[in-house]
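Asks: Mind looking over this structure? Questions follow.
We did not get these values from a lab; they are worked out from the coordinates using the rules stated. If you're wondering where the values come from, they're calculated on a predicted model, not measured in any experiment. Cβ sites come from the backbone with ideal geometry, for glycine too, and all protein chains shown count toward neighbours.
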């Protein structure tokens, strides 16, 4: 038997052995995934208990302090959506309440000509089982009262979120904005300043190149 034939036979043997093990491997992987999912559910429950017992009053106090910073939330959400929302300018307050059954994102709005709502609440339903955890979480909205057309709503990132909330975006808002809004604010400010400096440098380079001609 040639070396090539031997290698081919060895590959075939390994493939056959792997095929025989596949059902067992699949079962083990499923068991591991189930345990990880159950662990995630326990962590979620623990986080909710921690929120209720310790974090809620601290977040309330933080919220009152943030109100003293002019246009804090409107600027922060404006940075977050990168200027793709007129509605973001009217967000005066934002609060997340994590309960046993759901996670509520409450947006408070100043009077404006886009929405009649004084506040909009997005409610993310919390998973209770492994099956619910593995599925896309349901997000409900308190609804919007607006005269904007469907096209105008789609072009406004925040307004579109209020009308048709998406779990991924809500999760990102909670993780990136709500968890540490001050740090997020400073990061966005720094990024904006760097962009402005780059633009200024580009303008200077253009002017210098023009003067050399």
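Asks: Full-extension gain between residue 35 and residue 100, please, as 0.36 nm times their residue separation minus the C-alpha to C-alpha distance.
Replies: 21.3 nm
Asks: Here is a further query. Going by average Cβ density within 10 Å per residue, which order do the peptides 48-54, 30-36 take, highest to lowest? If you can, show how the numbers build up before the last one.
Replies: Working: 48-54: 13.1, 30-36: 11.0.
Highest-to-lowest ranking by the protection proxy: 48-54, 30-36.
Asks: Same structure again: If packing is taken as the average number of other Cβ atoms within 10 Å across a peptide's residues, how do 60-68, 79-87 rank, most packed first?
Replies: 79-87, 60-68
Asks: Expressed as a rounded percentage, what relative contact order does segment 41-197 have, with Cα pairs under 8 Å and six or more residues apart?
Replies: Relative contact order comes out at 19 percent.
Asks: I would also like to ask the following. Provide the packing ranking of 170-178, 157-165, i.e. peptides ordered by the mean count of other C-beta atoms within 10 Å per residue, highest first.
Replies: Top of the packing list down: 157-165, 170-178.
Asks: With r as the distance between the Cβ atoms of residue 164 and residue 26 and R0 = 45 Å, compute the FRET efficiency 1/(1 + (r/R0)^6) and round to 0.05.
Replies: On the way: r = 37 Å, r/R0 = 0.82.
Once the sixth-power term is evaluated, E becomes 0.75.
Asks: Tell me, in nm to one decimal, what length is gained between residue 111 and residue 66 on full extension, where the rule is 0.36 nm per residue of separation less the Cα-Cα distance? Working shown, then result.
Replies: Working: separation 45, 0.36 × 45 = 16.20 nm, distance 1.96 nm.
The span from residue 111 to residue 66 would gain 14.2 nm if fully extended.
Asks: Starting from the Cα-Cα distance between residue 175 and residue 92, subtract it from 0.36 nm times their residue separation and give me the gain in nm to one decimal. Working shown, then result.
Replies: Values: separation 83, 0.36 × 83 = 29.88 nm, distance 1.96 nm.
Value of the extension gain: 27.9 nm.
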